[in-house]
Amino acid sequence: MKKIQYNEHAKEVLQILQKGAFLTTHADGKTNTMTIGWGYLGYAWGKPVFGVMVRHNRYTHQLLEKNGQFTVTLPKEELSKELAFCGTKSGLETDKIKACGFSLLPAQTIEVPLIACRAIQYECKVVCRTEMQSPLVDGAVKDSWYEKMPDDYHTFYFGEITACYLTE
């Protein structure tokens, strides 16, 4: 592992994120990962933060609500099949870590492990969460992203970045 500054690879982080990354959390003895394609890398409240959005109906949402910690693995290798799988299966029904043949790495500062691969890795502790509310969402956004599930909005989780590094 090579420690890096949270924003050292910001441009690359945003490029990888558009292709997909793994959001992992752990609670009640279960580790789950899901694919994310949206996120925020920034600075707020005097801290570096990574913001993620998780729909209320996701198993990951349940786990995040319990433990308030997550990791983000931004793969720098070809994992499109694994990203597709983790983006379409529920952790309630499938052990996605096992099904994808992932190994896990212990985190340095939190209890949630990371996906072992060549990647940019973030360890985060939730410092703020907020629920999307229909009246506050732009109509075009609702039409594009929530038309089929109008009551299934996201929770925004802003995680203080407690560690950031590259893995090989």
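No value in this document is a laboratory result; all are computed from the given coordinates. Small disclaimer: the values here were computed from a predicted structure and weren't measured. With ideal geometry, Cβ positions are generated from the backbone for all residues, glycine too; neighbour counts draw on all protein chains shown.
In the elastic network of the chain, a GNM with C-alpha springs shorter than 10 Å, the most mobile of Met53, Met149, Met132 is Met149.
Straight-line reach from Lys96: taking Cα to Cα under 14 Å and skipping same-chain neighbours fewer than 8 places apart, the aspartates and glutamates in range are Glu82. In the structure displayed, which of Lys11/Lys47; Lys30/Lys81; Lys66/Lys98; Lys11/Lys142; Lys76/Lys142 lie more than 26 Å apart, Cα to Cα? From the list (Lys11/Lys47; Lys30/Lys81; Lys66/Lys98; Lys11/Lys142; Lys76/Lys142), the Cα-Cα distance tops 26 Å for Lys11/Lys142; Lys76/Lys142. Of all aspartates and glutamates in the structure, those lying under 18 Å Cα to Cα from Lys89, and not within fewer than 8 positions of it along the same chain, are Asp152. Label reach from Val137 (point 7 Å along Cα→C-beta): in segment 48-76, amide nitrogens under 12 Å belong to 54-57.
Comparing Tyr40, Tyr59, Tyr146 in a Gaussian network model of the chain (Cα springs below 10 Å), the most mobile by mean-square fluctuation is Tyr146. Comparing mean-square fluctuations of Thr35, Thr130, Thr25 from a GNM of the chain with C-alpha springs under 10 Å, the top value falls on Thr130.
Going from the residue with the fewest nearby Cβ atoms within 10 Å to the one with the most, Arg118, Arg55 rank Arg118, Arg55. Helical content alone sets the calculated 222 nm signal of the chain at -5000 deg cm²/dmol, taking -39,500 (n - 2.57) per DSSP H segment of four or more residues and averaging over every residue.
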